[in-house]
Amino acid sequence: MESSFPFINQALLITQTFMTFPHFLAASACVLIAVFGYYFFKPRCIIYLIDFSCYQPPDFLRAPVSNFIEHLTISGVFDQESLDLQQKILERSGISDDASVPATVHEIPPNASLSAAREETHEILFAIVEDLFSKHEIDPKSIDILVSNCSLFCPSPSITSMIINRFGMRSNIKSFSLSGMGCSAGILSVNLVKDLMKIHGDSLALVLSMEAVSPNGYRGKCKSMLIANTIFRMGGAAILLSSRKQDSHKAKYKLQHIIRTHVGSDTESYESVMQQVDEEGKVGVALSKQLVRVASKALKINVVQLGPRVLPYSEQLKYIISFIKRKWGMHKEIYTPNFKKAFEHFCIHAGGRAIIEGVEKHLKLEKEDVEASRSTLYRYGNTSSSSLWYELQYLEAKGRMKKGDKVWQIGFGSGFKANSAVWKCISEIDSRARNAWSDRIHLYPVCGDALRTELLS
């Protein structure tokens with residue numbers, strides 16, 4: 001019998017050569033204790049979320065539905081059928097007139113140039129990084145790892161290079177710019193940092209999540225590609241992570257689990273969200289009619305992997321029993337575990353009303369459980385990978401996040417991907433602290449047309 005540990009192999013050889021049987025048993029016991037001690041007491045990489053900042057656009061960048069449609073009409077790009085479709089989608093989108101777009105999109109016609117995309121990226125990321133650094137008195141040179149994710153805007157130099165240049169970071173910083181990963185890339189970025197911190201211990205990391213709206217407007221007639229014009233809005237988030245033990249006392253959250261699911265081997269899933277060229281040669285992002293079904297399928301696989309790690313045994317047992325009953329034709333439906341017994345809060349990617357309602361139905365959640373997601377969609381629109389952080393700030397601003405609470409972030413993205421992150425609150429959260437919701441949190445949740453009118457006034 002050989003072990004992967006050289007010192008154990010030597011110990012076994014000595015015991016077999018020179019020791020009597022009782023001595024052999026005693027030595028074996030010592031070896032087993034050493035092995036168990038190694039696994040139980042070896043240093044573990046704990047990821048702390050010190051704080052995060054979300055971009056709050058100024059009021060002059062708001063894009064009310066009436067203005068949005070007026071701009072599309074005056075631009076002369078769309079025919080009447082395309083205009084009517086976009087107006088119809090906007091009115092049913094669950095997005096309010098408070099959601100904003102970059103200044104370049106307010107231009108007539110909208111400015112979709114490379115310089116416009118850079119300007120938008122600078123405005124969002126520079127503001128939130130500056131806010132995060134000043135709030136915690138962080139020296140930019142203390143950042144060891146820098147990860148950005150922006151799906152459709154991939155400039156050269158990269159987005160991380162923009163940040164390194166702007167804030168004067170170290171020359172040996174480990175930087176990664178992710179693109180094409182869709183709206184779930186925020187969790188994916190955290191996962192990348194987690195893996196890097198296993199190798200590079202005692203590190204401080206900065207994660208940046210956003211999507212550039214300026215260069216990605218579609219100007220054709222394809223219905224499936226016009227949808228993206230109406231739901232994506234301006235936003236971004238900066239997240240400060242640490243694996244340093246000395247940061248545990250000032251961190252807000254501790255990472256518990258990350259589960260990533262990729263169903264791209266299925267063609268329908270792969271093509272459900274795709275950037276492509278239409279018949280007229282115009283580029284846009286097409287959203288298929290099967291998107292909600294694809295998201296439900298990916299989430300189901302993700303939940304099967306996450307469930308055993310977080311659910312109490314009673315809920316797991318109920319699921320197993322129902323599965324067996326269905327197998328034997330004794331029951332039609334498989335039991336849906338009550339995830340409220342594992343989590344106090346839920347942050348579902350605010351990709352659209354259909355996505356939020358689909359997850360709500362699939363997990364059998366209550367309206368209050370998806371309030372943060374609906375409110376984020378309503379005020380900020382679909383801000384892509386950063387939407388989960390707006391939702392977490394909403395919970396903080398509402399004073400609902402308590403020490404010891406666990407929150408489940410659920411992200412969806414092209415590919416198709418479903419990613420989960422579970423965080424545990426490890427500090428007292430001050431609901432009065434300034435964030436992207438502070439100015440209007442008292443107006444939420446939205447309840448009917450009366451409040452909508454109040455918001456618009």
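Once the stretch 260-276 is narrowed to residues that are of a type in the set (Ser, Thr, Tyr), within 22 Å of LEU306 (Cβ to Cβ) and in contact (Cβ under 8 Å) with a residue 60 or more places away in the chain, the residue that is surrounded by the fewest Cβ atoms within 10 Å (Cβ to Cβ) is THR261. Scanning the stretch 191-203 for residues that are in contact (Cβ under 8 Å) with a residue 40 or more places away in the chain and either aromatic (Phe, Trp, Tyr) or over 11 Å from SER420 (Cα atoms) (or both) yields LEU192, VAL193, LYS194, LEU196, MET197, LYS198, HIS200, GLY201, ASP202, SER203. There is at least one residue in the stretch 109-117 that is open to solvent by 40 Å² or more (accessible area, probe 1.4 Å), in a helix (DSSP H, G or I), at negative phi and polar (S, T, N, Q).
Looking only at the stretch 156-177, which residues are part of a loop (DSSP other than H, G, I, E, B) and farther than 25 Å from GLN275 by Cβ? Walk me through how you get there before you give the answer.
Let us first name the residues in the stretch 156-177 that are part of a loop (DSSP other than H, G, I, E, B), namely 156-158, 168-173.
Listed by number, the residues that qualify are GLY168, MET169, ARG170, SER171, ASN172, ILE173.
List the number of the failed condition for LEU61; all other conditions in (1) open to solvent by less than 20 Å² (accessible area, probe 1.4 Å); (2) modelled with pLDDT under 95; (3) within 27 Å of ALA436 (Cα to Cα) hold. Unmet condition: (2). Within the stretch 147-171, residues that are farther than 22 Å from SER384 by Cα have Cβ atoms under 6 Å from residues that are surrounded by 21 or more Cβ atoms within 10 Å (Cβ to Cβ) in these pairs: MET169/ILE143, counting only partners at least 6 apart in sequence or on another chain. Restricting attention to the stretch 277-303 and to residues that are more than 18 Å from ARG353 (Cβ to Cβ) and among the basic types (Lys, Arg), the residue that is least open to solvent (accessible area, probe 1.4 Å) turns out to be LYS282.
Could you identify the single residue in PHE126, PHE153, PHE133 that is of a type outside the set (Val, Ile, Thr), in a helix (DSSP H, G or I), open to solvent by less than 40 Å² (accessible area, probe 1.4 Å) and out of contact with any strand residue (DSSP E or B) (no Cβ under 6 Å at 6 or more places or on another chain)?
Numbers: PHE126 fails: open to solvent by less than 40 Å² (accessible area, probe 1.4 Å); PHE153 fails: in a helix (DSSP H, G or I).
Exactly one of PHE126, PHE153, PHE133 is of a type outside the set (Val, Ile, Thr), in a helix (DSSP H, G or I), open to solvent by less than 40 Å² (accessible area, probe 1.4 Å) and out of contact with any strand residue (DSSP E or B) (no Cβ under 6 Å at 6 or more places or on another chain), namely PHE133.
Looking at the structure I just gave you, is LEU83 among the hydrophobic types (A, V, I, L, M, F, W, C), farther than 30 Å from TYR253 by Cα, open to solvent by less than 40 Å² (accessible area, probe 1.4 Å) and more than 26 Å from the chain's Cα centre (by Cα)?
Values: among the hydrophobic types (A, V, I, L, M, F, W, C): yes; farther than 30 Å from TYR253 by Cα: yes; open to solvent by less than 40 Å² (accessible area, probe 1.4 Å): yes; more than 26 Å from the chain's Cα centre (by Cα): yes.
Spelling it out, LEU83 is indeed among the hydrophobic types (A, V, I, L, M, F, W, C), farther than 30 Å from TYR253 by Cα, open to solvent by less than 40 Å² (accessible area, probe 1.4 Å) and more than 26 Å from the chain's Cα centre (by Cα).
Only a single criterion out of (1) within 27 Å of the chain's Cα centre (by Cα); (2) open to solvent by less than 30 Å² (accessible area, probe 1.4 Å) is not satisfied by SER322, namely (1).
The C-beta contact set for the stretch 247-259 (first residue of a type in the set (Ser, Thr, Tyr), second residue at pLDDT 95 or above and in a strand (DSSP E or B), distance under 7 angstrom, 6+ apart or interchain) comprises SER248/TYR48; TYR253/LEU49; TYR253/TRP423; TYR253/LYS424; TYR253/CYS425. Residues in the stretch 206-225 that are in contact with a strand residue (DSSP E or B) (Cβ under 8 Å, 6 or more places away or on another chain), of a type in the set (A, V, I, L, M, F, W, C) and not in a strand (DSSP E or B): VAL213, CYS222, MET225.
The values are calculated or read from the model by the stated rules, or taken from the named source; none is laboratory data. It should be emphasised that the depicted structure is a prediction, and the values quoted were computed from it without experimental measurement. Neighbour counts run over all protein chains shown; Cβ positions are idealised from the backbone, glycine included. Please note that ligands, DNA and RNA were not included when accessible areas were found on the heavy atoms of the full protein model with its side chains. Shrake-Rupley method; radii C 1.70, N 1.55, O 1.52, S 1.80 Å.
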